[in-house]
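Working notes, structure below.
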Amino acid sequence: MSGGSGGYSSPKIGAGAPPPCLNGPLMNQHLSVPTEQGYNVVPPAPYPQQLPAKNFPRLAAEQHNYDYHQNFQPGGNFQGFGQSSSRPPLNATHLQKGTSADGQGIPLAAYPASYSRMPLPSQGSYAPATSSSVHLGASVPPQPSWQYNLPQQSHPVGQPPAGIQANHVIPAAGTGQARAPLEPYGSAGPKPAMGNQYANTAGGSFVQNYTNQVGSSHPPVNQPLTQMYQPGRTPLAPPPLSGGPPLIRPTHPLVTANHDAPLAQNLVGNSEGFNAGSSGDQSVAPDNYDTVEGGGEIMQPIQQGLKTRRTLGHSYPSLPPGYQNLAGPGAPNTEGPQQFTQAPHFNQLMTGMGGLSLQQGQQSEAARSLNLLQERNILPSTPVRAPHPNLHKDLQKLNCNPDVFRCTLTNIPQTQSLLSKAKLPLGLQLHPFRDLSQLPVVTSSTIVRCRSCRTYINPFVNFLDQRRWKCNLCYRVNDVPEEFMYNPVSRSYGEPHKRPEVQSATIEFIAPSEYMLRPPQPAVYLYILDVSHNAVESGYLNTVCQSLLDNLEALPGDSRTRIGFITFDSTIHFYSLQEGLSQPQMMVVSDIEDIFIPTPDNLLVNLNESKELIQDLLRTLPQMFSNTLETQSALGPALQAAFKLMSPTGGRASVFQTQLPSLGVGALKSREDPNQRSSLKDVQHLSPAIDFYKKLALDCSGQQIAVDLFMLNGQYSDLASLTCISKYSAGCIYSYPSYHHKHNPVLVEKFEKDLKRYLTRKIGFEAVMRIRCTKGLAIHTFHGNFFVRSTDLLSLPNINPDAGFAVQMSIEESLVDVQLVSFQAALLYTSSKGERRIRVHTMCLPVVNSLTDIYAGADVQAVTCLLASMAVDRSISSSLSDARDALVNAVIDSLSTYRSAVLSQQQQQQPGVMAPFSLQLFPLYVLALLKQKAFRTGTSTRLDDRVFSMCEVKYQPVSYLMLMIHPNLYRMDNLSDEGSININDKTIPQPPILQLSVEKLNRDGAFLMDAGTALYLWVGKRCCPNFVSQVLGASNYVSIPQNMTQLPELDTAESERTRTFISWLREQRPFFPVLHVIKDESPLKASFLQNMVEDRTESALSYYEFLLHIQQQVNK
């Protein structure tokens, strides 16, 4: 050990400081939680007692969920979709393993360890050529399949398969092997029994209701609407099975604090088929989040008509038609029976819906046929909105906001065969933690849930009477708890159907203690900074440190918030920030082969108590390494150090990296051949080179650590490997290629704005999400950044408001007897203030039995985004060309089926490309996808840029992703207030959206392109002088600056109008789009023109040529 100047004394925690948080979440369901340790209570912050520290067991293979590689079978078209002379001596202490700065021993934490191609555009005729799309002469396979099909491989349960593994494959029943994803059109192949058999902790299998999941799901079946209760009316859902209730055998101890979480001992059926009696005040600690949320137990519906039935928490007698008048809190006593009213009767609703006929009202337009070759201007002049489901108007009002929850098909097919025939994918797009202006928050000791499938009560359940409600997912009849009879909003009693939970499709609960495995964790932030020569030269360190200084007070958290810093080059540097030190102390660990933490108690410190030291460190960090000559990067050991440091608490690790890791574990070598960037052949190296980052991410997820990655690389850095650390730990990925504080000021501005948003946005910790759906529907594939913990429970160590998810679904049982289906997503998380919360979204959709109705209810943007996520997986598991083919075939298959099975004989005789109105933009969007950076060929595209684009496709919500796929184009030189909207006393112009073709450009005008992550303002050579002077502040076109990125604030109406509109566009998304003002001679003109997706390029067809190709394939 070598000491720095001034020496180093082991710091100690101040007398008034709270003890360190040593208790971590129990991620391994094989672990049990002793109740005497206090995990079932919520002590006030800070922790009044020190809870036991976690060890770091190596999780079982099935819990690591190494089955990320999709195994496919052939068939179908989209088949698968140290200190050195340059180091500053500032209190630096050089440490070796096993010793601290004062010479004391340090305990070491154990580290747990196809078909056709599209032709090239030619100058003359439409000649077939080798490319990456579809040959004109190719035939369409008769029964295409979106299942990714490669020869299925098997491997031992405890051994991960080799190669890249996809993040969303669900293990097959009772095995550790990956089950091939179901075909997006719905053909599910072998189907498990209705109670899906999942792997049991004991190694066997047990039956579990597939809807027992936290997450988002649509509300199905019977909808409550106002009517007098009729005692003798028939049930509104399938009748219960005859006989007594089935035996119920829980596999885990269950929480029992109130009636919505069943007692384990009450779940065992006695010899007579009734539930055995037991006191309702006993409490058993849950042993994992799956049990906490309610998805780990077997709960089957208990039949009606039993002479006695034991309810949990309280027992409520069944009431006669004129039931007793029970006064609630604050409710006056009235004499005589109370009448129970609810929303209109379900049968009346269905009658009013006209049998879900889509040939009337708003849906008739969606079903109208169009010939796309004859529709020259098919793009709407206003933004494309999500379609409205064909529901009763009362249900429409209650349904979930499509910006939060939407389905690719707003009309659900009755059967799997009907779905398969439609050739459209069935899936959900979810933005669960989205920033909402209005969010009902309920604080209650009683969270009402179905006792069978654990669905949260929602607007689409059916109240049979004042004391009973029927679940809209599994149809079980449940009792209404006494507490639920009181409405805290109206302060009335006896109207449970008017409670906020039954009036809002999106709602948030403040969860009671039984939803916690441990006291809520504090907000913990660790910043891991690259300080190699390359990083310091880029200047990013100044930006990060200054942004942290500016936003330190705005970091989400409370009095327990902790923060720490690690820097690295060829060695790892830790910083002691203990309260009472005169200045921060740096400790250097050069043993990167077996990394250790020198002083674990002083590296993550309380933000409020050590704020001055933190500020001092942030001010001095950029200068500390300003003269460094270290060029190596030991990213892997730095991440290992972060994992060990954060494991006791969990939290968020923010990594800033500027080059390819070159030392220690996780070191990588360059795999990119620049000469192949514009090749028409398949792109190589889209999968990780090593599995270190993926495995470490899974370990991080097990300890509730999410890793966010900021790449500021000037050269190839193998994002395909590095991004795994974020993808599998539910982190975020940011990329700023060629970042330099002097040479690229535009990226500096973007990085500053993005970093401010990142530091200050809300955050949820130790989250899990589960999606439930109506009986008969099944979820089989997930897309996004997460870890599938127990088949369908998504582990999200962090959740942020900018993250999107997608799921694919199939129909496992016929829905012939069902008229409405529901989906519910439940997100259980800990807020930065230490509150355990549950955010629930519910959506309801109709069931239809005709292809016409299915096509009429298609959500073309949701379909496009889901296909894009599937294509990313196909690119990695198979090849980019296969993914491109599959996208094209998706259009051909759906329009071919529409033509042959929906159109009349006369319409089939007409030449052209016939499409339903709802899918009129489908070919255009798919063509735009083929020209998008993730999937394009023949155009020079850096490998890292392509990989990052693929990450965005999988991670971005629909509304943000669609702008990246198909930008919006506006004319700006003639902006007016006509059709404008008013927001916060500001008048915002609404110019029409133009087609993405150069024929819409005019050298006399100025045009703004909104491409999601960038804004391009193209100014024509003969642009109106008034616009040039009044908006751009230039005397003439020639004097417009070449690299202009900001509009001057001029006191003119034109300037105000233009800047207001651009500001409004920026406010629509969480990331900051930089504005580029482009002239004809600007280098960025090529980027602008590349987004003109309707035009022909050297390597891609125009929109019209693409339609001709579609026509040829459809008419075969």
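The values are calculated or read from the model by the stated rules, or taken from the named source; none is laboratory data. Note that the coordinates shown come from a computational prediction; the quantities given were computed from them, not determined experimentally. Reconstructed Cβ throughout: ideal geometry from the backbone, glycine too, with neighbour counts over all protein chains shown. We work out accessible area using only protein heavy atoms, side chains counted, and drop any ligands, DNA or RNA first. Shrake-Rupley method; radii C 1.70, N 1.55, O 1.52, S 1.80 Å.
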Selection count, region 398-449, where residues are part of a loop (DSSP other than H, G, I, E, B), out of contact with any His (no Cβ under 9 Å at 6 or more places or on another chain) and open to solvent by 20 Å² or more (accessible area, probe 1.4 Å): 12
Which listed residue is polar (S, T, N, Q), open to solvent by 30 Å² or more (accessible area, probe 1.4 Å) and outside any helix (DSSP H, G or I), from 1082, 1039, 1029: 1039
Hey, residue 688 open to solvent by 10 Å² or more (accessible area, probe 1.4 Å) and under 30 Å from residue 518 (Cα atoms) or not: no
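Rundown of residues vs (1) over 25 Å from residue 554 (Cα atoms); (2) of a type in the set (A, V, I, L, M); (3) in contact with a strand residue (DSSP E or B) (Cβ under 8 Å, 6 or more places away or on another chain), yes/no style:
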site	(1), (2), (3)
684	yes, no, no
693	yes, no, no
699	yes, no, no
705	no, yes, yes
717	yes, no, yes
757	no, no, no
Members of region 662-696 found to be more than 23 Å from residue 935 (Cβ to Cβ), out of contact with any Cys (no Cβ under 6 Å at 6 or more places or on another chain) and not in a loop (DSSP other than H, G, I, E, B), listed by number: 692, 695, 696
Within region 540-557, tally of residues that are open to solvent by less than 40 Å² (accessible area, probe 1.4 Å) and either part of a loop (DSSP other than H, G, I, E, B) or small (Gly, Ala, Ser) (or both): 4
One residue from 656, 710, 643 being assigned to a helix (DSSP H, G or I), closer than 23 Å to residue 568 by Cα and at pLDDT 95 or above: 643
Boolean, residue 610 is out of contact with any helix residue (DSSP H, G or I) (no Cβ under 9 Å at 6 or more places or on another chain) and open to solvent by less than 20 Å² (accessible area, probe 1.4 Å): yes
Counted residues, region 759-784 - those being open to solvent by 10 Å² or more (accessible area, probe 1.4 Å) and of a type in the set (S, T, N, Q): 1
Filter result (within 14 Å of residue 646 (Cα to Cα), in contact with a Leu (Cβ under 6 Å, 6 or more places away or on another chain) and open to solvent by less than 10 Å² (accessible area, probe 1.4 Å)) within region 558-602: 561, 563, 564, 574, 596, 598
Selection within region 711-733 - under 24 Å from residue 788 (Cβ atoms) and open to solvent by 30 Å² or more (accessible area, probe 1.4 Å): 727
Number of the exception - residue 886 against (1) within 30 Å of residue 508 (Cα to Cα); (2) touching a helix residue (DSSP H, G or I) at 6+ places or on another chain (Cβ under 8 Å); (3) part of a helix (DSSP H, G or I): (1)
Filtered residues of region 1103-1116 (kept if open to solvent by 20 Å² or more (accessible area, probe 1.4 Å) and within 17 Å of residue 377 (Cα to Cα)): 1104, 1105, 1108
Selection status of residue 979, buried (at least 17 other Cβ atoms within 10 Å of the Cβ), part of a loop (DSSP other than H, G, I, E, B) and small (Gly, Ala, Ser): no
Those residues of region 734-753 which are of a type outside the set (Ser, Thr, Tyr) and open to solvent by less than 10 Å² (accessible area, probe 1.4 Å), in sequence order: 751
Some residue of region 896-912 being of a type in the set (A, V, I, L, M, F, W, C), surrounded by fewer than 24 Cβ atoms within 10 Å (Cβ to Cβ) and part of a loop (DSSP other than H, G, I, E, B): yes
Check on residue 460, in a loop (DSSP other than H, G, I, E, B), aromatic (Phe, Trp, Tyr) and either touching a strand residue (DSSP E or B) at 6+ places or on another chain (Cβ under 8 Å) or open to solvent by 10 Å² or more (accessible area, probe 1.4 Å) (or both): yes
Failed criterion for residue 546 (all others in (1) modelled with pLDDT of 95 or more; (2) farther than 16 Å from residue 624 by Cα hold): (2)
